[in-house]
Amino acid sequence: MCSHCGCAANNKHRLHLPHRGSEDSTIASVDGLAHEEGVIRNILAANDRIASHNRQHFDESGVLAINLMSSPGSGKTSLLEATIDALGPELGFAVIEGDLETENDAARIRAKGVPALQITTGGACHLDATMVHHGLHELDLNGVDVLFIENVGNLVCPASFDLGAHCNVTLLSATEGDDKPAKYPIIFRKSDLVMLTKSDLLPYLDNFQVDRAAATLKASGYDGPLLRTSVAKSVDVGEWLAWLRQRLADHRAGLFLNRNHPG
Amino acid sequence: MHELSVCWALISEVERLAQEAGEDSIAHIAIRVGELSGTDPGLLVRAFEVARSGTKAEHAYLTIERCDPRVKCTECGLENVTRPNRLLCACCGSFRVNVIGGDELSIAAVEFTGTGIPRTSDPPAAGGSANLNTEEAPHV
């Protein structure tokens, strides 16, 4: 993907020259690169640069990239299988799978005839922009409309790392309880869409009230819809497919501005 | 425990700053960590003990300024400090607020030893962590 962009070389970054403080010490000044008062640079600046590079690559390829996050076992891969079943005839998909170990999820996606790359992180609890960047070198995006990056199942760490995706979609399964957004608010605030999965189980669950979940989501800073899906005994992904179609249309029209990555 | 990844990123950035300054040793790193950044300051301190080994920051102090989430109501204009799972106006209860603080994960200052001479001959501090220090600045 990067034969012409020079990304194999070190990312060039405007150098920041510190001011001389005293005879015994120098203190890096806070002007120049500062984008926030009193800040030299963001700690994750290197990750953010690579994320921007990934995003540029997606844009040049005409691909909508979606970072899919949730707890382990909330139904990310099952949702992707149902999405491929429903929209496979009309859209081109590719998937990057993130797990600590195994190729299981990539194998499930490939069984649907969709290219899938498995990133096994070893011990790492999240994907970062560099892992995705390396993955992109292995993945042909020709003919791909939507790339799903299925993050490592984890409601904490993935929230801190921009991968270069255009939007974040987070799943909340009915079996997890309606207070998950109150317990893990950061990831939900960073979401462009939250979906309630396994919603066909709601009649059997005492610890999930949809209005309570919606209220905790709002208090956590998420102001989008809570779409319901189920993919097991009864398949109901209509609202999600409509959202995805609309998002892709907006993206293609250049109208979509990700609130997490303005500009 | 992504704090180790954050720490490696921090070390990489401050080493870059040291290189730009022509310095070989870092004496002090001051960072800001907002509660909405998803990074735990306590875990960051422990991760720093591991990540700094063998780097220009090996003998550096780390000070962390914790930044509480702050919101400004778009309806009544009130600004208030709050919690990550309660980004609401403390006055009118509205969720229509702008987050104006708490996302920080940034380097505020880096102090070098200023000698310009590699300090490889210096013996490591006892226990390898004697210089490690954290401070909590007053909440903003």
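The values are calculated or read from the model by the stated rules, or taken from the named source; none is laboratory data. In this text, all values refer to a predicted model and were calculated from it rather than measured experimentally. Cβ atoms come from the backbone with ideal geometry, glycine included; neighbour counts cover every protein chain shown. Quick note on the areas: whole protein, heavy atoms, side chains included, nothing else; ligands and nucleic acids left out. Shrake-Rupley method; radii C 1.70, N 1.55, O 1.52, S 1.80 Å.
Per-structure values
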item: Cross-link reach list, lysines versus A:Lys233, counting only Cα pairs under 23 Å and skipping chain neighbours closer than eight places; result: A:Lys76, A:Lys112, A:Lys198
item: Cβ-based net charge around A:Glu81, under 15 Å, with every Lys or Arg adding one and every Asp or Glu removing one; result: +1
item: Segments B:34-44, A:53-63 sorted - mean Cβ within 10 Å per residue, highest first; result: B:34-44, A:53-63
item: Region A:74-130: relative contact order in percent, alpha carbon pairs under 8 Å with at least 6 residues between; result: 35
item: Computed accessible area, A:Asp85, all protein chains, 1.4 angstrom probe, square angstrom; result: 90
item: For region A:124-263: relative contact order, % (alpha-carbon pairs under 8 angstrom, 6 or more apart); result: 20
item: 3J(HN,Hα) from dihedral phi, region B:23-37, Karplus parametrisation 6.51/-1.76/1.60, rounded to Hz, x for glycine, proline; result: 10, 10, 9, 9, 8, 7, 10, 10, 10, 10, 10, x, 5, 8, 6
item: Rounded FRET efficiency, nearest 0.05, which uses the C-beta distance separating A:Glu103 from B:Met1 and R0 of 41 Å; result: 0.95
item: Set of aspartates and glutamates with alpha-carbon distance to A:Lys218 below 13 Å, sequence-local pairs under 8 removed; result: A:Asp178, A:Asp179, A:Asp192
item: Region A:170-228 shape via C-alpha gyration tensor axes, a/c threshold 1.5; result: prolate
item: Test item: A:216-226 mean partner chain Cβ contacts at 10 Å; result: 4
item: Region A:146-194: relative contact order in percent, alpha carbon pairs under 8 Å with at least 6 residues between; result: 45
item: Trypsin sites (Lys or Arg not before Pro) restricted to region A:198-234 and DSSP loop, no more than 11 other C-beta within 10 Å; result: A:Lys233
item: Label-zone membership for region B:96-110, site B:Ser12, 7 angstrom Cα→C-beta point, backbone N under 17 Å; result: B:105-107
